[in-house]
Structures are given as C-alpha cells and as structure tokens.
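Below you'll find the structure, written out as structure tokens, and then a few comments.
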Amino acid sequence: MGKQVNGHEVIQLFESFSPKKYAMEDDPIGLQVGQLNKPVKKVLVALDVLEEVVDEAIEMRADLIIAHHPPIFRPLKKLALDSASGRIIEKLIKHDIAVYAAHTNLDVAKGGVNDLLADALGLKDTKVMVPTFEEKLKKLAVFVPESHESEVREALANAGAGAIGAYSRCSFSSNGTGRFLPGEGTDPYIGAKGKLEEVKECRIETIFPENIERKVISAMMKAHPYEEPAYDIFPLDNQGEMLGLGRVGSLDKELSLKEFALHVKEVFDLEGLRVAGDLSSPIKKVAVLGGDGNKYFSQAKFNGADVYVTGDFYYHTAHDAMMMGLNIVDPGHNVEKVMKAGVAKRMEALSKELGWEIEFTASELNTDPFQFL
C-alpha cells in the first residue's frame with residue numbers, strides 16, 4: 001500500500017515544477033471549482049474542461065482534474081444550470097471533482113507545454129523565445145562531519161542543487177572545526193550531553209534556484225546525521241535561469257517549408273493546418289509557441305527563426321510576418337494537447353518516487369472545436 005494523499009499535496013507537487021509565480025499577470029490559474037482538502041486517488045489531466053471531459057472524469061471516478069485551459073476564464077455573471085457552463089459546474093460539485101487550472105505557468109515551466117511542443121518537433125539546442133521570468137538563486141552553506149560529507153553532497157545534488165549553466169553537481173568544500181554543547185533532552189550523534197564537543201567538520205556550499213529551496217533543505221536534513229544541522233541560506237544577485245514563453249531551436253536537417261509543414265501535421269496527428277510563405281523556403285531554425293502567439297511573431301524573427309509555429313494566426317498578422325521574411329505554420333490551438341500525456345507522465349513519476357498511491361490519466365477526448373472538410 002502506498003501513501004494516501006490529499007489534493008493540497010498533489011498540487012504542491014505539481015507546483016514544484018510549474019509554480020503560480022510563472023504565470024502572466026491576470027491569468028486565472030489555480031483552484032477553480034471544488035476543494036483540495038480531501039483524499040485524492042485519481043487525477044484526470046485535460047486540455048479543456050468541457051462537459052464531455054467532466055463525464056470522462058465522472059466515469060473514471062476522478063477526484064481532481066488538472067487542466068491547461070481554465071474553465072472559468074472570464075467572471076461568470078450567472079450560474080444557470082440549464083446552460084453549458086452551469087451543467088459543467090453542477091456535475092463537478094455533485095461528484096466532488098475539483099478543477100485546478102495551470103495555464104501560462106505551465107507554458108513557461110521547464111518541461112511544460114512549450115518544451116513538450118519543441119521536443120515533439122525534434123528541435124535541438126532550444127532556448128526561451130520570450131523571456132518573462134528570471135529564477136532567483138540562493139546559496140546553501142551547511143556544516144557536516146567529515147564522515148558524512150559525500151552523503152550530504154550527493155543528497156543535495158539529487159535534489160537539484162549545484163546547477164550552473166550547463167554544469168551540474170557543482171559544490172565547494174572547506175574543512176574546519178565545529179563546536180557544540182548538547183543540552184538537556186538532546187540525543188547527539190557525536191558527543192555527550194553537558195560536554196563541549198569539538199568535531200572535524202566540512203563546510204559544503206552549493207547554489208540552487210529559489211523554487212526548489214524546500215526540496216533542497218529537506219534532502220539535506222534527511223542525509224545529515226545531526227539532530228540540529230547548522231546551515232545558512234544566502235540570497236544571491238547572480239543572474240538566474242531565464243524562463244518564458246515559446247522556444248527556439250534547430251532541426252537536425254534542413255527541410256523545405258512544405259516538408260516541415262507536413263512534419264508538423266504528422267507529429268501532432270492533424271487533419272490539416274495553415275501555412276504562410278514560400279513552400280520551397282529552406283527551414284532550419286524553428287520558433288514554436290503554444291496557443292495564440294500572434295503578438296510574438298517579431299520575437300520569433302528576432303531570434304533568427306525561419307518559421308514560426310503557433311495557433312490562431314490572424315490574416316493581417318500573417319501578411320506582416322511574411323513581409324518580414326518569416327514563414328508561418330499554424331497547426332491550431334489544440335496542439336497544446338501534448339500537455340495531457342506530458343503532465344500525467346511527469347506527475348506519475350514524481351508521485352512514485354514519493355511512494356504515493358495515486359493514478360494520473362491523460363484525457364482521451366479530442367476537444368478541438370474545428371474540423372477540416
């Protein structure tokens with residue numbers, strides 16, 4: 001039997017890689033319907049929360065839906081139960097199914113929607129197209145008996161500390177003497193109560209992004225032999241990793257615009273897509289942004305992209321992009337469906353590491369409102 005968990009724990013785990021602070025201003029993310037203070041055994045991961053998706057959740061007896069598109073994107077003026085939105089909310093409440101929305105924060109997150117799209121397209125050496133958030137950095141300095149230096153350093157690295165650019169497991173160690181006097185009620189790993197102790201210790205220093213601080217400290221505490229480890233946390237002015245919307249990367253080999261468009265169509269299993277530009281144009285560098293990326297086409301061109309892959313492209317904006325020398329491939333908004341399997345797989349792996357008894361399922365329904373005839 002695995003550990004039983006509640007909704008708050010599930011969302012805390014999700015936000016460990018897609019925190020709310022990544023979201024764009026006024027994006028209606030977070031809990032939208034129901035409550036998280038309840039046991040959660042089954043989670044449905046969906047792109048949209050339509051009535052048929054709610055029916056799918058009811059049939060599988062899900063306790064929670066994690067969705068990319070918020071079902072309540074604009075404030076409701078009324079809640080009529082004979083309306084589509086009313087029926088959705090009524091069913092969710094009657095069956096005690098909570099809905100949590102992760103929109104632009106999941107777009108921005110590492111391994112989120114835009115990385116999943118870039119990976120599906122086979123892009124290499126990707127970078128952020130539109131920077132929106134700089135991850136703050138902190139430094140940990142912890143004092144460890146020499147006998148446990150390697151164990152604690154390994155635990156910190158496994159928790160994600162020590163990443164500097166393309167380098168990982170970075171740390172620094174210096175040796176010295178630690179002194180402490182165990183008081184009443186203590187059970188010291190080294191020394192005895194009431195006796196001043198001197199121990200050969202090592203000071204381990206490492207860097208980590210602010211969003212994994214709790215994970216890093218928890219890993220250090222578990223690996224450290226002392227009851228009360230001595231450690232310091234320092235905020236840093238060093239530039240952290242820049243996160244944001246969209247990705248720019250390169251294909252393994254150059255394709256024509258027509259060949260690339262057919263590649264996009266195949267990768268995302270599409271009935272059709274729209275293309276703007278000369279179909280014989282050579283394509284090597286690609287920009288991709290999930291959802292509606294109309295206002296970011298200039299950034300795609302600025303980043304040297306030969307083609308920009310995004311949804312809902314406007315007629316006149318396509319003219320502007322073409323005059324700028326930027327080709328457009330519009331596979332539709334629904335290609336963000338890659339997040340269903342991506343999030344379910346990631347949450348499943350993370351929960352297994354923690355020994356949780358919980359099931360994550362990607363919605364099997366096609367919620368694209370458009371068809372090609």
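The values are calculated or read from the model by the stated rules, or taken from the named source; none is laboratory data. From a predicted model like this one, the values you see are computed outputs, not experimental measurements. Note that each Cβ is placed from the backbone with ideal geometry, even for glycine, and that neighbours are counted across all protein chains shown. To get the accessible areas, we keep the full protein, side chains included, count just its heavy atoms, and leave off ligands, DNA and RNA. Shrake-Rupley method; radii C 1.70, N 1.55, O 1.52, S 1.80 Å.
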- Area of MET60 that stays accessible when all protein chains are in place (1.4 Å probe, Å², to 10): 40
- Query: Ranked from the most accessible area to the least, with a 1.4 Å probe and all protein chains present, what is the order of ARG179, ARG153?
  - Reply: ARG179, ARG153
- Message: Once ligands and nucleic acids are excluded and a 1.4 Å probe is used, how much of ARG87 is accessible, expressed in Å² to the nearest 10?
- Response: 80
- Task: Anything over 29 Å Cα to Cα? Flag those among LYS20/LYS127; LYS41/LYS110; LYS139/LYS301; LYS20/LYS265; LYS193/LYS352; LYS41/LYS127, in the order listed.
- Result: LYS139/LYS301; LYS20/LYS265; LYS193/LYS352; LYS41/LYS127
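Based on the alpha-carbon gyration tensor of the chain and its eigenvalue square roots a ≥ b ≥ c, which shape applies: rounded if a/c is under 1.5, prolate if not and a/b is larger than b/c, or oblate? Walk me through the intermediate numbers first.
Values: a/c = 2.82, a/b = 1.53, b/c = 1.84.
Note, shape of the chain comes out oblate.
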- Note on the structure: Residue span LEU81 to GLU357: 0.36 nm per residue of separation minus Cα-Cα distance leaves a gain in nm of 95.9 nm
- Query: Out of THR310, THR132, THR186, any idea which swings most in a Gaussian network model of the chain, alpha carbons joined below 10 Å?
  - Reply: THR186
- Task: Mind telling me which of THR126, THR206, THR177 comes out most flexible in a GNM of the chain, alpha-carbon contacts under 10 Å?
- Result: THR177
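In Å, the Kirkwood hydrodynamic radius of the stretch 166-251 over pairs of distinct alpha carbons? Provide the component values of the computation, followed by the final result.
Details: mean 1/r = 0.0607 Å⁻¹.
So the Kirkwood estimate lands at 16.5 Å.
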- Which ³J(HN,Hα) values in Hz, rounded to whole numbers, follow from the phi angles of the stretch 292-304 under the Karplus curve 6.51 cos²θ - 1.76 cosθ + 1.60, where θ = phi - 60° and Gly and Pro get x? 8, x, 3, 7, 10, 5, 5, 5, 4, 5, 4, 7, x
- Message: Residue by residue through the stretch 6-23, what is 3J(HN,Hα) from phi via Karplus (6.51 cos²θ - 1.76 cosθ + 1.60, θ = phi - 60°)? Round to whole Hz and write x for glycine and proline.
- Response: 10, x, 4, 5, 4, 5, 4, 5, 4, 6, 5, 10, 9, x, 4, 5, 6, 5
- Could you check the simple spin-label distance between TYR167 and ALA349, using points 7 Å along Cα→Cβ, in nm with one decimal? 2.6
- Item | Size of electric dipole in the stretch 266-329: Cβ of Lys, Arg +1 and of Asp, Glu -1, about Cα centre, debye, nearest 20 | 320
- Query: So what J values fall out for the stretch 153-169 if you push phi through Karplus, 6.51 cos²θ - 1.76 cosθ + 1.60 with θ = phi - 60°, rounded to Hz, Gly and Pro as x?
  - Reply: 4, 5, 5, 5, 5, 5, 7, x, 6, x, 8, 10, x, 8, 9, 10, 6
- Note on the structure: Out of ALA84, ALA287, ALA101, a Gaussian network model of the chain with alpha-carbon springs under 10 Å gives the largest mean-square fluctuation to ALA84
- Message: Let's test the formula: R0 of 25 Å, r as the Cβ-Cβ distance of GLU90 and ASP292. What FRET efficiency results, to the nearest 0.05?
- Response: 0.25
